[in-house]
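Q: What follows is a single structure, and I will ask about it in a moment.
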Amino acid sequence: MTAYGQPDLGGDRRVLREFSLPSEPGNERRVAREVEAAVESLGLSGQRMERLKTAVAEATMNAMEHGNGYSPEVPVVVEVLASGQDLSVRITDRGGSPMPVPDPEVPDLSAKLEGLQTPRGWGLFLIRNMVDEMNITGDREHHTVELIMHLEEGPKGGEDAG
Amino acid sequence: MPAKYLEAEVRREAGVAVIELRGEIDGFAEEALAAAYEEAEAGNPETVLLDFEGVDYINSTGIALIVGLLAKARASKKRLVACNLSDHYVEIFNITRLSDFMGVYPNRESALEEAVVTDGNA
């Protein structure tokens, strides 16, 4: 696939699946299911698979909503890659809004409950907490969110890790 | 697989308003969730229990809807509690800190038991 400011693929990564779907509400779950099927043989624990699916669904929703403005004719492109050490899911939109920038701060639930902040704003926070690494790259035409899970379980890999 | 829109049904058990949830809690769930909460509050219970047994998907918009219900409950001095979340969503309630503000119980029986004890002491 043509690179447009994407991170280096890495020499030993192989493409497990590449597909695109229209930007329509609800398609984030289809993407999560496709990714689940693509990585089934990699041996993720049930808990880490659930985390990956949540991160994929959230990143896809962001891409469809903020990147593509929920225009069905504008697809979200998904690549699933794996090496011996990690798996990577890259979700690319057409970049219709400024590059999403993860807020380094944890959303303040107390402030949300007091009405001082909007109840929304959990998407990037959830993604960041569900996967081992998240990279955001792009240019004026595309944004790509890359979600990485280490296959040799790291700090978030334990079944009881939070 | 088509989206499973949220269905919500209100029951009353041991003085607690139980909202039984089935389907997906996402942006499409707003109306059903708001209507069920309004019905639950109508009986002026001290505790409203969200039973997630039939829920297989909650996204960030769904989390925001639950935050909204929690804010409403706190404003009217009611307790909002949850039960039957899967392990994955218990984790999400923990990392979002929802579980710091609302009791999370493994099943309906334990939630009702605790509610009866707490309401009895209120």
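Q: Below 12 angstrom from the Cβ of A:G138, what's the summed charge of the other residues (Lys, Arg +1; Asp, Glu -1)?
A: On the way: positive: A:R90, A:R94, A:R140; negative: A:D93, A:D139, A:E141, A:E146.
Its environment carries a net charge of -1.
Q: Using a 10 Å cut-off on Cβ atoms, rank the peptides A:116-123, A:84-91 from the highest mean neighbour count down.
A: Final packing ranking: A:84-91, A:116-123.
Q: Count the net charge of all other residues whose Cβ sits under 13 Å from the Cβ of B:L65, scoring Lys and Arg as +1 and Asp and Glu as -1.
A: On the way: positive: A:K112, A:R120, B:K72; negative: B:E24, B:D26, B:E30, B:E31.
Neighbour charge sum, excluding B:L65 itself: -1.
Q: Using only the alpha carbons, work out the radius of gyration and Dmax of the protein assembly as shown in angstrom.
A: Calculated on Cα positions, Rg and Dmax stand at 19.9, 66 Å.
Q: Then there's this: Averaged over its residues, how many other protein chain Cβ atoms are within 10 Å of peptide B:90-99's Cβ atoms? Present the calculation step by step, with values, prior to reporting the outcome.
A: Working: counts 1, 9, 8, 0, 2, 8, 8, 6, 2, 0.
Taking all residues of B:90-99 together, the mean is 4.
Q: Here is a further query. Which value, in debye to the nearest 20, gives the size of the charge dipole of the protein assembly as shown about its Cα centre, when Lys and Arg are +1 and Asp and Glu are -1 at the Cβ?
A: Value, rounded to 20: 340 debye.
Q: Could you run the Karplus curve 6.51 cos²θ - 1.76 cosθ + 1.60 with θ = phi - 60° over segment A:71-78 and give me ³J(HN,Hα) per residue in whole Hz, x for Gly and Pro?
A: 8, x, 7, 9, x, 9, 9, 10
Q: Same structure, new question: Could you compute the net charge surrounding B:H88? Neighbours are other residues with a C-beta less than 11 Å from the C-beta of B:H88; K and R count +1, D and E count -1.
A: Working: positive: A:R48, A:R51, A:K53; negative: A:E50, B:D56, B:D87, B:E91.
Net charge in that neighbourhood comes out at -1.
Q: Let me ask another. Among rounded, prolate and oblate, which fits segment B:46-122 when a ≥ b ≥ c are the square roots of the eigenvalues of its C-alpha gyration tensor, a/c under 1.5 means rounded, and a/b larger than b/c means prolate? Spell out each step's value before the answer.
A: Details: a/c = 2.06, a/b = 1.32, b/c = 1.57.
Oblate, since a/c reaches 1.5 and b/c is not below a/b.
Q: What ranking do B:80-91, A:47-58 get when scored by the average of other Cβ atoms within 10 Å per residue, highest first?
A: Values: B:80-91: 19.4, A:47-58: 23.3.
By packing density, highest mean first, the sequence is A:47-58, B:80-91.
Q: Taking beta carbons within 10 Å but only from partner chains, what does the mean come to for residues B:81-87? Could the numbers behind the result be given before it?
A: Values: counts 0, 0, 0, 0, 0, 1, 5.
Mean shielding count: 1.
Just so you know, all these numbers are worked out from the coordinates, no wet-lab data involved. Computed from a predicted structure; not experimentally measured. We place every Cβ from the backbone using ideal geometry, glycine too, and count neighbours over all the protein chains shown.
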